[in-house]
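The values are calculated or read from the model by the stated rules, or taken from the named source; none is laboratory data. Please read these numbers as outputs of a predicted model, since none were measured by experiment. Cβ atoms come from the backbone with ideal geometry, glycine included; neighbour counts cover every protein chain shown.
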Amino acid sequence: MLTTAESAPPRAGVRQWLGLAVVSMAVLLIAVDGTVLDLAVPSLSDHLGPSGTELLWIIDVYSFVLAALLVTMGVLADRVGRRRLLMIGAAGFGLASLMAALSTTPVMLIAARVLMGVFGATLMPSTLGLIRALFPDTRQRATAIGIWGAMWGGGAAIGPLIGGVLLEHFWWGSVFLINIPVLIVLLIALPLTVPESKDPAPGRFDVPGMVLFIAAMVPLVFALKETAVAGVQLRLLAIAAIGVAAAVGFIRRQRRTDHPLMDLSLFSNPVFTASIVTNLLSVFALAGVLFFGSQYLQMVLGLSPLTAGLWATPGTAASVLGALLAAAAAARWGDRTVLAVSMAATAAGALLLVGLDTDGHAWLFATGFTIIGLGSGVGLTLTSALILAAVRPEKAGAASGMSETSYELGLAAGVAVLGSVLLAIYRAGIDVTGLAAEQASAAKATLGGAMHVARDRADEVGAAMFDSAQHSFVAGMHVAAAVTAAVMAGVAVLVWVLLSARRTAAFPPGGQDAESGGADPAPAVTG
């Protein structure tokens with residue numbers, strides 16, 4: 001009979017912790033790129049002159065492409081090797097970043113963002129899978145996932161600050177060039193610190209499933225975005241119907257095939273389902289607030305990009321702190337309580353933003369965003385650990401793909417849905433009386449367009465128009481913030497209900513799995 005010492009998994013050493021630092025660089029980079037453009041919106045709008053639709057695509061097409069490909073790339077990482085795919089993705093991501101920085105038209109920038117999404121999708125699923133391989137000891141893995149979560153949440157939140165610093169001294173394209181030196185370091189250090197890992201018996205690759213998944217995602221996303229801008233139209237309903245049909249086909253195939261891209265049986269587990277929903281909607285709240293908050297600070301309150309980024313810094317720190325504290329909090333109070341409280345806190349933070357106005361309440365934005373950052377940081381880290389614990393180690397890449405797909409969908413949906421709600425109210429409220437047709441169209445497209453028109457006219461008509469634009473934008477923010485608060489309050493209730501059956505064991509007391517006493521069982525969450 002094995003003793004405790006003999007049965008315990010090996011503990012990670014210095015090389016493994018250095019490997020975690022390298023892997024976390026990739027996570028930080030992808031998270032930063034999801035939000036770094038937020039503060040560049042005014043400068044980008046001024047130089048490239050995108051339409052309202054083009055601006056939304058520039059901001060969130062990156063995340064939608066990531067979401068469409070992450071599950072496929074997760075399965076691919078398990079097959080070809082997670083380290084190998086991570087290095088391929090890093091090289092391609094660097095080239096796409098260079099293309100984005102040098103873009104001269106909105107279409108070119110959108111194309112570059114699409115390529116960044118493609119290569120970013122090859123990076124993301126590898127990270128959690130490599131962490132699972134690097135840290136077989138459950139307690140050390142809990143700490144590693146906490147650090148991973150801090151980089152993930154902190155990167156998304158610190159993006160605006162990095163953007164502010166760069167935009168204070170350089171042109172808008174500099175927010176992409178910052179990727180290149182980081183990627184060079186990653187490509188050099190990764191082979192030295194991280195061993196290769198993959199599924200030794202991956203089975204057949206589900207090509208039809210991959211095609212159906214992408215065929216479902218793309219039409220549905222396109223229909224959502226275009227409906228928000230152009231209203232309900234027959235052609236958009238037809239496009240959405242194509243996406244729904246593909247989604248139904250994907251689900252049916254995944255239930256029948258022996259080697260599915262996505263193990264849908266995991267969703268019969270309330271713990272897994274609650275984790276995916278919480279993951280998605282935590283980022284939904286964070287991304288939406290960053291999207292309209294950065295414009296509010298700069299174009300309503302008149303702050304510089306750097307000052308606006310500094311006002312977001314408390315939220316950055318709170319997100320990192322929440323990620324680092326998640327393991328200890330869950331071990332002490334239980335996953336159910338910690339997740340529900342963190343989601344309720346996020347709702348409260350969003351509700352505070354309903355009090356914003358045009359007279360200069362940056363402190364109120366910072367307070368609400370800080371609370372949102374804290375709740376999201378805790379929630380994202382804990383749900384990522386639960387999702388990873390639900391599968392066997394050799395399937396870690398596929399599970400990571402599912403986790404990160406929910407993250408990226410939340411990131412894109414937060415911008416698309418909340419941004420579209422805000423835009424609809426903004427357009428309904430702005431007063432373009434006295435403007436030429438072309439000027440009126442530009443002013444109603446975005447707040448940046450209204451600011452540009454007001455600056456060109458420099459008269460009472462332009463000033464009155466921009467004043468109404470600011471008030472309409474803030475009115476739209478109030479509705480978007482209220483919607484966010486309601487959604488997150490609903491998630492808090494959902495978590496409380498779905499996790500009521502039993503306590504999970506992603507971060508068990510003392511760092512040992514409840515069912516094994518410290519070995520590394522296959523799933524810590526069972527159906």
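Within region 130-142, take every residue that is at pLDDT 75 or above and in a helix (DSSP H, G or I) and give me the one that is surrounded by the fewest Cβ atoms within 10 Å (Cβ to Cβ).
Here the residue is Q140.
Name the pairs whose Cβ atoms lie under 9 Å apart, with the first residue in region 300-318 and free of Cβ contacts under 8 Å to residues at least 60 places away in the same chain, the second small (G, A, S) and surrounded by fewer than 23 Cβ atoms within 10 Å (Cβ to Cβ), and 6 or more positions between them or separate chains?
Within 9 Å, the pairs are G302/G360; L303/A362; W311/A362; W311/A366; P314/A366.
Here is a list: L56, L85, L69. Which entry is assigned to a helix (DSSP H, G or I), crowded, with 24+ Cβ neighbours inside 10 Å and within 17 Å of the chain's Cα centre (by Cα)?
One residue alone meets the criteria, L69.
Out of A482, A440, A450, A454, report the one residue that is touching a Gly at 6+ places or on another chain (Cβ under 8 Å), part of a helix (DSSP H, G or I) and at pLDDT 80 or above.
Exactly one residue qualifies, and that residue is A454.
Exactly one condition in (1) modelled with pLDDT of 80 or more; (2) part of a helix (DSSP H, G or I) is not met by T104; state its number.
(2)
Do any residues in region 325-349 that are more than 22 Å from G288 (Cβ to Cβ) have Cβ atoms under 6 Å from those of residues that are outside any helix (DSSP H, G or I) and of a type in the set (A, V, I, L, M), where the two are at least six apart or on different chains, and which pairs are they?
Filtered contacts from region 325-349: R336/L499.
Of all helices (runs of 4 or more DSSP H) completely enclosed by region 146-241, which ones contain at least 1 residues that are modelled with pLDDT under 70?
207-230
Among the listed residues I59, I30, I88, which satisfies the condition of being out of contact with any Gly (no Cβ under 6 Å at 6 or more places or on another chain) and at pLDDT below 80?
Criteria check complete, one pass: I59.
One residue is enough: does region 474-494 have a residue meeting the conditions surrounded by 19 or more Cβ atoms within 10 Å (Cβ to Cβ), closer than 18 Å to G448 by Cβ, free of Cβ contacts under 8 Å to residues at least 40 places away in the same chain and hydrophobic (A, V, I, L, M, F, W, C)?
Taking every residue of region 474-494 in turn, none turns out to be surrounded by 19 or more Cβ atoms within 10 Å (Cβ to Cβ), closer than 18 Å to G448 by Cβ, free of Cβ contacts under 8 Å to residues at least 40 places away in the same chain and hydrophobic (A, V, I, L, M, F, W, C).
Quick one: is L498 surrounded by fewer than 24 Cβ atoms within 10 Å (Cβ to Cβ) and either modelled with pLDDT of 85 or more or farther than 20 Å from D46 by Cβ (or both)?
yes
Taking the options A111, A40, A26, name whichever one is of a type in the set (A, V, I, L, M) and either surrounded by fewer than 24 Cβ atoms within 10 Å (Cβ to Cβ) or not in a helix (DSSP H, G or I) (or both).
Among A111, A40, A26, only A111 is of a type in the set (A, V, I, L, M) and either surrounded by fewer than 24 Cβ atoms within 10 Å (Cβ to Cβ) or not in a helix (DSSP H, G or I) (or both).
If a residue counts only when it is closer than 30 Å to A464 by Cβ and under 16 Å from the mean Cα position of the chain (by Cα), which helices (runs of 4 or more DSSP H) contained entirely in region 267-364 have at least 2 such residues?
In region 267-364, 270-295 are the helices (runs of 4 or more DSSP H) which contain 2 or more residues that are closer than 30 Å to A464 by Cβ and under 16 Å from the mean Cα position of the chain (by Cα).
So which of L380, L411 is touching an Asp or Glu at 6+ places or on another chain (Cβ under 8 Å), buried (at least 22 other Cβ atoms within 10 Å of the Cβ), within 18 Å of T278 (Cα to Cα) and at pLDDT below 80?
L411
Please list, ordered by first then second residue, the pairs with beta carbon atoms under 6 Å, 6 or more apart or interchain, first in region 208-228 and farther than 13 Å from I251 by Cα and of a type in the set (D, E, K, R), second assigned to a helix (DSSP H, G or I) and at pLDDT below 70.
Sorted first by the residue in region 208-228, then by its partner, the pairs are K225/A416.
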